[in-house]
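This report refers to the structure that appears directly beneath it.
Please treat every number below as a calculation from the coordinates, not as lab data. Treat the numbers as computed from the prediction; the structure is a model and nothing was measured. Here Cβ is always computed from backbone atoms with ideal geometry, including for glycine, and neighbour counts include all displayed protein chains.
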Amino acid sequence: MILSDKKILKAIETGEIVIEPFDRNALGTNSYDVHLGKYMATYKDEVLDAKKHNQIEEIIIPEEGYVIQPGTLYLGVTAEYTETHNSVPFLEGKSSIGRLGIDIHATAGKGDVGFCNAWTLEISCIHPVRIYANMPIGQLIYFAVEGDIENYYNKKKNAKYNKRSEKPMESMMWKNF
């Protein structure tokens, strides 16, 4: 079951969902619009290695925007910090973003119950596009969970993306080896 706008608001009031900063105008019928933060990154090496810590280069989006290029993976971040304590958040791109040829996640559209952070975005495009900090980039959809939860993400000892950050986080796959 997808949470409606009223259910999302109730969950925010009870602290079951946290969105900082929260803007009532970003609440849709059954989703919440998130915005692109000012920090992005690209990987330094042309060839990435799943067994090593691949270094990233930080980009700060200037006021006049930043042109993303095809063939490059950009790590972006939502301007919003979020927490979910009893629902599963899904991040989807906005249709307006898709119509510009931008994808905001390659594989990581689902969050876990207990995820507490800004969302790192895996941004790619099919032709050059100028993007801006704080532009609407995606929408969070919340699914209700049935049953008790034993293993909240923010309480897992091996959770790799628990440290609160306003910057995108590179892959920590190397920690799995």
Inter-part gap, Cα centre of the range 17-46 to Cα centre of the range 112-177, in whole angstrom, is 10 Å
Principal-axis tilt of helix 5-14 within the chain, Cα atoms, nearest 10 degrees: 80 degrees
Could you order the peptides 150-162, 112-124 from most to least packed, using the average number of other C-beta atoms within 10 Å per residue? 112-124, 150-162
Ranked output for segments 63-71, 167-175 by mean other Cβ atoms within 10 Å, highest leading, reads 167-175, 63-71
How would you classify the range 1-106 from its alpha-carbon gyration tensor, with a ≥ b ≥ c the square roots of the eigenvalues: rounded for a/c under 1.5, else prolate if a/b is greater than b/c, otherwise oblate? prolate
Along the principal axes of its C-alpha atoms, what lengths does the range 3-45 span, in descending order and rounded to whole Å? 45, 19, 16
Which value in deg cm²/dmol, rounded to the nearest 500, describes the helix-derived mean residue ellipticity at 222 nm for the chain, given -39,500 (n - 2.57) per DSSP H run of n ≥ 4 and division by the residue count? -2000 deg cm²/dmol
In the range 90-177, how does Rg compare with the Kirkwood Rh, expressed as the Rg/Rh ratio over alpha carbon atoms? 1.00
According to a simple spin-label model (label point 7 Å from Cα along Cα-to-Cβ), what is the distance in nm between Lys44 and Lys155? 3.9 nm
Test item: Cα-centred dipole of the range 1-100, Lys/Arg +1 and Asp/Glu -1 on Cβ, debye: 340 debye
Taking the Cα centre of the range 127-169 as origin, work out the dipole magnitude from +1 charges on Lys and Arg Cβ and -1 charges on Asp and Glu Cβ, in debye rounded to 20. 400 debye
Charged-residue dipole, Cβ positions (Lys, Arg, Asp, Glu), the range 42-151 about Cα centre, Debye nearest 20: 360 debye
Determine the principal axes of the Cα atoms in the chain, then give the extent along each, sorted from largest to smallest and rounded to whole angstroms. 44, 39, 23
With the cut-off at 1.5 for a/c, could you classify the range 87-128 from its C-alpha gyration tensor as rounded, prolate or oblate? prolate
